[in-house]
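As structure tokens, the structure follows; a few thoughts come after it.
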Amino acid sequence: MKVAAIDIGSNSVHLVVCRIHAPGVREVLDREREMLQLGRSCFRRGAIPEAELDRAIDVLRRYRAIAEAHGVEAVLAVATSAVRDAKNRDLFLRRAEREARMVVRVLTGKEEGRLIYAGARDALPLTLHRISVIDIGGGSVEIVVGEGRDVRSVRCLNLGVLRLSNRLRGRRPREIRAFEERLRAEVGPAAREVKRAGVEVAVGTSGTVLTVADLLGVRDTGGPIRLEALQDLVKRLLTESPQKLTEEGVDPKRVDTVGPGAALLRIFMEEAGLPELIPCERALREGVVADYALRNSGRLEDRETEIRDPRRRSVHFLARRLGALDLHARQTARLSLRLFDGLAALHGLGDRDRELLEFAALLHDAGYWIGADKHHKHVYYLIRRAPLEGFTPDEVRMLALIARYHRGAPPKERHKDFSKLGKEDRGRVRALSSMLRIADALDRSHAALVQELDIEIDRKSVTLRVTAQGDLGLELYAVKNRSELFRRILGREIRVQVNGKGKP
């Protein structure tokens, strides 16, 4: 089952296209985002100007075309604060239905909070129970407390960053102090409810939270936003000029909103007694998909229930959940195992190592779920945080490291988590990740062109005799560029001999 979810927010309009395998198990097939800022004029004038309506309808038409190209069975469109408050909302809804063939559901604040929680909850380990989620949008802020999959409370406040940017009158200390005092009075009661709930973890969603995570240098590493670091950042964001913030990497469309939004986040954490908060890429649109999957669960089949081994079942479940269990992952796993078996005389590793290599290959591209840039680092965080069954803590760390080193810099002693392993385990990670790099390179085109792989070893080299269907130009180039770790660890140069239609 494929569905598309569209979130028409006050700041941005998002699209996500997913294939659903079971409730909580889905692959992300496509994503799009347009920063239209519909709320900027709406919150000042009470309506969305005609030119902005035209742009929004154009985006919805394009999203409809993308969804249909994927063959979805449903397009699930929702709108939040800007459309909810606009005097001409009915005009927008009629035009969306007539011109983009899209029925848009306008959410109440409580509905929005419930769906945001559903989206964020699916990104968290199942072992967590009491959770708080704050979503800082363009028009409103949703503060949610839940237990497991059940929502306990939702507070919707008209404190979105587009509204807040209109309140901040200047950058002098007196003006900033007045802004923050008023903001604390409004967000404090909801934040103190979170404190009384005694949550295990707090999560933040939305572009503002992710921008803050970027500026603090924790988005790529998967680390939390720490209150102490955020307090220092807010001072800078509220006092520096837009030009200076742009030079420091802030999106020009966010330079006037990220400071007020970061101030709100800081005050929320202070009043809720939260020393840290986890930034989360998932939000409303993923919640819409999760809600649809739950309502259609009778039509879905959970394939992972057929796998008896809990280790393998949990890896497959995680890979599907993160959209990583595709043709490329399976081909990389197959080639990894072929390399492991054919190189046994060189590496001398055992059956558990073979299994770790296979699982790392199945998960190696899961970091794309967070973002393409530095996805090899993202996958380490995702595996380390995942509720994997049947693995020891050291095995989880090794699995995460093998997947992390499938590309980029090779394992180094100064890498904090790698250095925590014992000498023998560090050697295993190096050997296994060197094989994973070659297997990944042999499917660089993601087209599963390599059909057979035979291995010959001599004193100076390893020859990979490949039978392929199609041009292996990309694969041969990738193997050449990724063979250094293999040569250094296994002590042999790699040569590739191609037979069949893939022969150059």
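The values are calculated or read from the model by the stated rules, or taken from the named source; none is laboratory data. Predicted model only: the values in this text are computed from it and were never measured. Don't worry about glycine lacking a Cβ; one is built from the backbone with ideal geometry, like all the others, and counts go over all protein chains shown.
Quick notes on this structure:
- Residue in segment 35-91 that is nearest to Y292 (Cα to Cα), counting only those that are surrounded by fewer than 18 Cβ atoms within 10 Å (Cβ to Cβ) and in contact with a Ser or Thr (Cβ under 7 Å, 6 or more places away or on another chain): M35
- Exclusive hit being closer than 30 Å to P387 by Cβ and either out of contact with any Lys or Arg (no Cβ under 7 Å at 6 or more places or on another chain) or of a type in the set (K, R) (or both), set E112, E50: E112
- Segment 445-504 - residue that is among the hydroxyl-bearing types (S, T, Y), modelled with pLDDT of 90 or more and farther than 19 Å from L346 by Cα and, of those, surrounded by the fewest Cβ atoms within 10 Å (Cβ to Cβ): Y477
- Residue check, E147 over 29 Å from the mean Cα position of the chain (by Cα) and surrounded by fewer than 23 Cβ atoms within 10 Å (Cβ to Cβ): no
- All positions within segment 90-107 that are assigned to a loop (DSSP other than H, G, I, E, B) and either more than 30 Å from R152 (Cα to Cα) or out of contact with any helix residue (DSSP H, G or I) (no Cβ under 8 Å at 6 or more places or on another chain) (or both): A100, R101, M102
- Only listed residue being within 23 Å of T208 (Cα to Cα) and not assigned by TED's automatic domain parsing to the domain that holds R254, chosen from D54, D30: D30
- Taking segment 109-120 as the range and being under 14 Å from A77 (Cα atoms) and surrounded by fewer than 22 Cβ atoms within 10 Å (Cβ to Cβ) as the test, only E111 passes.
- Any hit, segment 428-451, residues being free of Cβ contacts under 8 Å to residues at least 60 places away in the same chain, within 14 Å of Q331 (Cβ to Cβ) and more than 26 Å from the chain's Cα centre (by Cα): yes
- Taken together, the residues in segment 256-289 that are outside any helix (DSSP H, G or I) and either free of Cβ contacts under 8 Å to residues at least 24 places away in the same chain or closer than 30 Å to E27 by Cβ (or both) amount to 7.
- Options R192, R171: the member that is among the basic types (K, R) and outside any loop (DSSP other than H, G, I, E, B): R192
- The residues of segment 119-150 that are assigned to a strand (DSSP E or B) and either outside the structural domain of E200 (by TED's automatic domain parsing) or touching a residue at least 60 places away in the same chain (Cβ under 8 Å) (or both), listed by number, are R130, I131, S132, V133, I134, D135, I136, V141, I143.
- In the set (1) more than 17 Å from V234 (Cβ to Cβ); (2) modelled with pLDDT of 95 or more; (3) not aliphatic (A, V, I, L, M), D220 fails one condition alone, (2).
- The set of residues in segment 150-193 that are among the β-branched types (V, I, T) and within 31 Å of the chain's Cα centre (by Cα) comprises V151, V154, V161, V187.
- Residues in segment 456-474 that are out of contact with any strand residue (DSSP E or B) (no Cβ under 6 Å at 6 or more places or on another chain) and under 20 Å from D341 (Cβ atoms): I457, D458.
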